[in-house]
1. Counting only residues that are in contact (Cβ under 8 Å) with a residue 24 or more places away in the chain and away from the ligand (no atom under 16 Å from the Cβ), which one in the range 246-257 is farthest from residue 22 (Cα to Cα)?
2. Can you spot a residue in the range 6-17 that is within 20 Å of residue 209 (Cβ to Cβ), in contact with a strand residue (DSSP E or B) (Cβ under 9 Å, 6 or more places away or on another chain) and part of a loop (DSSP other than H, G, I, E, B)?
3. Given the structure, is residue 45 under 30 Å from residue 237 (Cα atoms), part of a loop (DSSP other than H, G, I, E, B) and in contact (Cβ under 8 Å) with a residue 60 or more places away in the chain?
4. Quick one: is residue 233 in a helix (DSSP H, G or I), more than 10 Å from the ligand (Cβ to nearest atom) and touching a strand residue (DSSP E or B) at 6+ places or on another chain (Cβ under 8 Å)?
5. Among 75, 98, 107, which is the only one that is in a helix (DSSP H, G or I), at pLDDT 95 or above and surrounded by fewer than 24 Cβ atoms within 10 Å (Cβ to Cβ)?
6. For residues that are crowded, with 21+ Cβ neighbours inside 10 Å and either away from the ligand (no atom under 13 Å from the Cβ) or not in a strand (DSSP E or B) (or both), tally how many sit in the range 181-191.
7. Of 22, 92, 128, 84, which residue is closer than 28 Å to residue 177 by Cα and surrounded by fewer than 17 Cβ atoms within 10 Å (Cβ to Cβ)?
8. Need pairs with beta-carbon distance below 7 Å; first residue over 20 Å from residue 263 (Cα atoms) and within the range 183-202, second at pLDDT below 95 and near the ligand (Cβ under 9 Å from one of its atoms); sequence gap 6+ or separate chains.
Ligand code: ASP
């Protein structure tokens, strides 16, 4: 995908012009936040009420162990940049209104991430949900019946809807610089079908993101499942044990059932790795992130 290639180019340019791994991962992620096709920053998913956009983001510097994150943040253009400011503060994670007020104090102006791309995605979702609730002739029998509770297809309702929507993923980048330092950055609009205030894996230390002296890891997919498995930290632990990043990614993905969508990018001393456990339309975006991981690793 050209968006991830542009992000990788920005990351490499940052490294070539003297930026370290942290700056490279952050700048690559900002390119993706600014691309309305992705579910982060401008274009982040609109929640079920049709107007709320709550974003999570995090950055981690593997050489220092420093971490910063924001959760359920509204009204800023680049949550990943705010996460960097949190990293520079005594805290690790700021959420909701406090995160937004912190962003303003740090000089981030109000910004509306709603644009034609995320509005169109939301309209498709709305139509889809309304179809089953409306008493039109074809769906007469379903009127008043809570079809969601009776969902009995082998794969979860949310996953089916996500595919119908062509739901784009969380964005992120992992980087290694010439000094061998590692960093990761990650940003998301989360999922549309959630409660107000829901926070996913992205800003949770070791869940969607982790970096250390031996590598960096970033994840996308079903946030709750990523948190329960602390996926990024477990992949990193494998890198630190000397496993090739591709083997570490494959191992993590083998441990999740096919119903749990997940994608991972990683870079370490032995190279890089990327993968996802989904076939079909979403695979393309993982190939994109994979290219990004490769480019940044060189
Ligand atoms: N992992 C994100 C979250 O759960 C969503 C995604 O990657 O699509 O918030």
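1. Filtering the range 246-257 for residues that are in contact (Cβ under 8 Å) with a residue 24 or more places away in the chain and away from the ligand (no atom under 16 Å from the Cβ), the one farthest from residue 22 (Cα to Cα) comes out as 255.
2. no
3. Answer is no for this residue.
4. Spelling it out, residue 233 is indeed in a helix (DSSP H, G or I), more than 10 Å from the ligand (Cβ to nearest atom) and touching a strand residue (DSSP E or B) at 6+ places or on another chain (Cβ under 8 Å).
5. 98
6. Residues meeting the conditions: 6.
7. The unique qualifying residue is 92.
8. Pairs that qualify, where the first residue is over 20 Å from residue 263 (Cα atoms) and the partner is at pLDDT below 95 and near the ligand (Cβ under 9 Å from one of its atoms), are 198/190.
The values are calculated or read from the model by the stated rules, or taken from the named source; none is laboratory data. Since the model is a prediction, treat every value here as computed from it, not as a measurement. Note that each Cβ is placed from the backbone with ideal geometry, even for glycine, and that neighbours are counted across all protein chains shown.
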